[in-house]
Amino acid sequence: MNEEQRKHGQQAAGQEDKKTEKDYSKYFQSVYIPPSLKDAKKRGKESVQYHNDFKIDEKFRGMGDNKKFYIRTYGCQMNEHDTEVMAGIFMALGYEATNSTEDADVILLNTCAIRENAENKVFGELGHLKHLKREKPELLIGVCGCMSQEESVVNKILKTYHQVDMIFGTHNIHRLPNILNDAYMSKAMVVEVWSKEGDVIENLPKVRRGNIKAWVNIMYGCDKFCTYCIVPYTRGKERSRRPEEIIQEVRHLASQGYQEVTLLGQNVNAYGKDIEDLENYGLGDLMDELRKIDIPRIRFTTSHPRDFDDHLIEVLAKKGNLVEHIHLPVQSGSSAVLKIMARKYTRERFLELVGKIKAAMPDTALTTDIIVGYPNETEEQFEETLSLYREVGFESAYTYIYSPREGTPAAKMNDNVPMEVKRERLQRLNKLVNEYSAEALKQYEGKIVEVLVEGESKKNPEILAGYTRRNKLVNFKAPKTTIGKTVKVKITDTKSWSLNGEFVEEGRIGSEFLEEAAEVK
Ligand code: 5AD
Ligand code: SF4
């Protein structure tokens, strides 16, 4: 164990359940640093340390020569971006990427813990991989991402999924070379999960998935502890990257020809609060600097209504490369449910915020996340969610049935809402969401919009596809040379989830300017 491992390991081991340790000790002889949700909950006063000194140890160079890696990603954009970092580390070690599990020498499942069905998919996949491991015993199988931060998951894998060679957590990504090395050297399962978050490591290599749109982390972790949510435990405390590092990364992406950047964080509106030497520096200030960079589009996700301040609204209203779309998860329309969820705003406060956003930016599309069937949610409370949806006029939503997550306060609540009632509520909500989405798309008919062309459509290579500034998918015929560029498209008709249109010409409109086609022609 080195100094870094010891710092994190001792803390986790100290809190460890003795029974677990005894039961599974036979499976590990080398590295065994298990997760602890209890430790993950603690929020210390220590300041975040920034590092710029990541490098691949000489002794690991060439580890991946003539070997291939495969990473399957579940869950959110944060995970997608972590996969880009892990791919960067694999490449630096000499591995090549492959799209096939059969060809791979190392398979990683980058997992999501947000709901039970996300976890079930991973266990199912591990089951499928068992035969590969039998045919090819030298294959390494790893589990990383949010699920590896959960004790119950690690224990289940140790007990039942012996085809797994390594489990490592969200704070251990930079240790991938050491973890791989340990897995090659040991017959036992390597488990390295730090429950206390790491520092911010700036110079990790990355292999981005595309060359048109890019993700940029602006902060890590979450301190909100909404009562249903596992994320503050799996991703640790809020840590912001320094603005100069973010600005430099976005400038670099712009110089490489990227057309769109999405700023990432679990709760981007808390950006900057933890940076000690920057007083009152927030997301609004950061966006105000980023909008001066010559890149066509900047988005951000995900917002928390509580921290969404007036300065940010003021800056977003300047538009330019700041697009007219805000994803603003509300979760419920009932103040009583919001209180139990510990969202720390009421229905009225949320509507007030929406009112401010609409007044400053009338053409901004608002989308949201909603959970139905929270423990003891009444029919009236659910109806308040429907009425809030109508009142705001959201253009789209991700909707979920509440899924209890072990270790969170909501999982301990008694719940008197039967599953069939939850399912029926979800159906009613989805019906409303679909009506509003269709309505939102209808207003585009006959108008000209700005589309960033991403490539061929999934269904037909003759057709190109891209998104508007308000994040609407558009399919249209145009020369392939327009891929990666911003073009104007006249919308001819609408589908349930997308728009069809005709290519007009290359160029930007600069905002989601719904000009009448006739006026432009
Ligand atoms: N059950 C159901 N949905 C959840 N979400 C987060 N935790 C849970 C849970 N335990 C949803 C929230 C969040 C989105 C990313 O996932 O709506 O905004
Ligand atoms: Fe989870 Fe709430 Fe944090 Fe979002 S803000 S990640 S829902 S705890």
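Since every read-out is calculated from the coordinates, none of them should be taken as a lab result. Just so it is clear, the structure is predicted and the values come from calculations on it, not from any experiment. FYI the Cβ positions are ideal-geometry reconstructions off the backbone, even for glycines, and counts take in every protein chain you see.
Each Lys and Arg adds +1 at its Cβ and each Asp and Glu adds -1 at its Cβ; summed about the Cα centre, the stretch 448-519 shows a dipole of about 340 debye.
With respect to the chain, whose longest principal axis is taken over its alpha-carbon atoms, helix 151-160 is tilted by about 60°. Relative to the dominant Cα principal axis of the chain, helix 116-135 is inclined by about 50°. Think of the chain as having a plus end and a minus end, set by charges on the Cβ of Lys, Arg, Asp and Glu; of Asn99, Leu388, Ile295, Asn99 sits farthest toward the positive end of this dipole.
The angle separating the long axis of helix 243-255 from the principal Cα axis of greatest extent in the chain is about 70 degrees. Computed on the stretch 210-441, with alpha-carbon pairs under 8 angstrom and 6+ residues apart, the relative contact order is 17 percent. The three principal axes of the C-alpha atoms in the stretch 238-370 carry coordinate ranges of 48, 35, 22 Å, sorted with the longest axis first. Rg ratio for the stretch 448-519: its Cα radius of gyration over 2.2 N^0.38 Å, N being its residue count, equals 0.97. Peptides 213-221, 345-353 ordered by packing proxy, namely the average of other Cβ atoms within 10 Å per residue, highest first: 213-221, 345-353. Potential lengthening of the chain between Glu138 and Glu379 amounts to 81.3 nm, from the contour at 0.36 nm per residue minus the alpha-carbon distance. For Asn416 and Glu116, the FRET efficiency from 1/(1 + (r/R0)^6), where r spans their Cβ atoms and R0 equals 22 Å, is about 0.65.
The Lys477 and Asp288 beta-carbon pair, evaluated with R₀ = 45 Å, returns a calculated FRET efficiency of approximately 0.70. Which value in Å is the Kirkwood Rh of the chain over different Cα pairs? Here the Kirkwood hydrodynamic radius works out to 24.6 Å. Its relative contact order, with pairs defined as Cα atoms under 8 Å and 6+ residues apart, puts the chain at 10 percent. The modelled label-to-label distance for the pair Lys130/Arg72, using points 7 Å beyond Cα in the direction of Cβ, is 1.4 nm.
At full extension, Glu462 and Arg423 could sit 10.1 nm farther apart than now, given 0.36 nm per residue minus the alpha carbon distance. Once Rg and the Kirkwood radius are both taken over the C-alpha atoms of the stretch 3-199, their ratio Rg/Rh works out to 0.94. Label-to-label distance, Asp199 versus Ala360, with points set 7 angstrom from Cα along the beta-carbon direction: 3.5 nm. With an 8 Å cut-off on Cα pairs and a minimum separation of 6 or more residues, tell me the relative contact order of the stretch 448-519 in percent. Computed value for the stretch 448-519: 34 percent relative contact order. Estimated purely from DSSP H runs of n ≥ 4, each contributing -39500 (n - 2.57), the mean residue ellipticity at 222 nm for the chain is -10000 deg cm²/dmol once divided by its residues.
Sorting the segments 362-369, 454-461 by their mean number of nearby beta carbons within 10 angstrom, highest to lowest, gives 362-369, 454-461. Charges were assigned to the Cβ only: +1 to each Lys and Arg, -1 to each Asp and Glu. The resulting dipole of the chain about its Cα centre is roughly 840 debye.
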